[in-house]
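Here the structure is laid out as C-alpha coordinates; the discussion comes afterwards.
The values are calculated or read from the model by the stated rules, or taken from the named source; none is laboratory data. Computed from a predicted structure; not experimentally measured. No Cβ is skipped: glycine too gets one built from the backbone with ideal geometry, and neighbour counts run over all protein chains shown.
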Amino acid sequence: MNANWAIVYFSTSLHKITLVKSLLEGSEIDAIILNKQNSVYPSLNFEVNIELFVHSDNVIKAKHLIKKNQL
(Lines give C-alpha, C1' and ligand atoms only; values in the text may rest on other atoms or scores of the structure.)
Protein backbone atom coordinates (compact mmCIF):
# COMPACT_ATOMS: atom_id res chain seq x y z
CA MET A 1 0.00 0.00 0.00
CA ASN A 2 1.20 3.49 -0.83
CA ALA A 3 2.64 5.66 1.97
CA ASN A 4 -0.22 8.14 1.42
CA TRP A 5 -2.73 5.64 2.82
CA ALA A 6 -3.16 4.60 6.46
CA ILE A 7 -5.11 1.91 8.31
CA VAL A 8 -8.04 3.34 10.25
CA TYR A 9 -9.91 0.14 11.07
CA PHE A 10 -9.37 -3.60 11.07
CA SER A 11 -11.47 -6.64 11.87
CA THR A 12 -11.79 -10.33 11.11
CA SER A 13 -15.36 -9.65 9.93
CA LEU A 14 -15.86 -8.54 6.33
CA HIS A 15 -19.37 -7.42 7.32
CA LYS A 16 -18.00 -4.92 9.88
CA ILE A 17 -15.35 -3.63 7.47
CA THR A 18 -17.97 -3.11 4.76
CA LEU A 19 -20.21 -1.24 7.21
CA VAL A 20 -17.38 1.11 8.22
CA LYS A 21 -16.38 1.63 4.57
CA SER A 22 -19.96 2.62 3.72
CA LEU A 23 -20.03 5.06 6.64
CA LEU A 24 -16.81 6.72 5.48
CA GLU A 25 -17.85 6.87 1.83
CA GLY A 26 -21.15 8.43 2.92
CA SER A 27 -19.03 11.22 4.40
CA GLU A 28 -17.05 11.56 1.16
CA ILE A 29 -13.96 9.74 2.46
CA ASP A 30 -12.51 7.24 -0.01
CA ALA A 31 -11.68 3.92 1.62
CA ILE A 32 -9.97 0.76 0.41
CA ILE A 33 -10.39 -2.73 1.86
CA LEU A 34 -7.36 -5.02 1.98
CA ASN A 35 -8.58 -8.55 2.64
CA LYS A 36 -5.76 -10.94 3.56
CA GLN A 37 -8.10 -13.78 4.45
CA ASN A 38 -7.95 -17.11 2.64
CA SER A 39 -11.11 -17.66 0.59
CA VAL A 40 -10.29 -21.33 -0.06
CA TYR A 41 -10.00 -22.30 3.62
CA PRO A 42 -12.26 -19.90 5.58
CA SER A 43 -11.75 -21.85 8.81
CA LEU A 44 -8.14 -20.61 8.89
CA ASN A 45 -9.20 -16.94 9.00
CA PHE A 46 -10.19 -16.56 12.65
CA GLU A 47 -7.04 -14.55 13.45
CA VAL A 48 -6.46 -12.85 10.08
CA ASN A 49 -7.49 -9.20 9.97
CA ILE A 50 -9.09 -7.37 7.09
CA GLU A 51 -7.77 -3.80 6.95
CA LEU A 52 -9.49 -0.58 5.94
CA PHE A 53 -7.32 2.21 4.56
CA VAL A 54 -8.03 5.89 3.93
CA HIS A 55 -5.87 8.62 2.45
CA SER A 56 -3.57 10.14 5.05
CA ASP A 57 -5.36 13.50 4.74
CA ASN A 58 -8.56 11.89 6.04
CA VAL A 59 -7.25 9.76 8.93
CA ILE A 60 -8.40 12.04 11.76
CA LYS A 61 -11.84 12.62 10.25
CA ALA A 62 -12.27 8.89 9.57
CA LYS A 63 -11.25 7.83 13.08
CA HIS A 64 -13.60 10.45 14.55
CA LEU A 65 -16.53 9.10 12.51
CA ILE A 66 -15.73 5.53 13.52
CA LYS A 67 -15.53 6.45 17.20
CA LYS A 68 -18.66 8.64 17.03
CA ASN A 69 -20.63 5.71 15.59
CA GLN A 70 -19.16 3.29 18.15
CA LEU A 71 -17.78 0.90 15.54
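Tallying residues that are small (Gly, Ala, Ser) and touching an Asp or Glu at 6+ places or on another chain (Cβ under 8 Å) within region 1-33 yields 1.
Is it the case that Lys21 is buried (at least 16 other Cβ atoms within 10 Å of the Cβ), of a type outside the set (Gly, Ala, Ser), at pLDDT 95 or above and in a helix (DSSP H, G or I)? Spelling it out, Lys21 is indeed buried (at least 16 other Cβ atoms within 10 Å of the Cβ), of a type outside the set (Gly, Ala, Ser), at pLDDT 95 or above and in a helix (DSSP H, G or I).
Taken over region 52-64, residues that are surrounded by fewer than 18 Cβ atoms within 10 Å (Cβ to Cβ) and either closer than 15 Å to Glu25 by Cβ or among the aliphatic types (A, V, I, L, M) (or both) amount to 4. Of all residue pairs spaced 6 or more apart or on separate chains, those with beta-carbon atoms under 9 Å, a first member in region 4-33 that is touching a residue at least 60 places away in the same chain (Cβ under 8 Å) and a second member that is surrounded by 13 or more Cβ atoms within 10 Å (Cβ to Cβ) and among the small types (Gly, Ala, Ser) are Tyr9/Ala31; Tyr9/Ala62.
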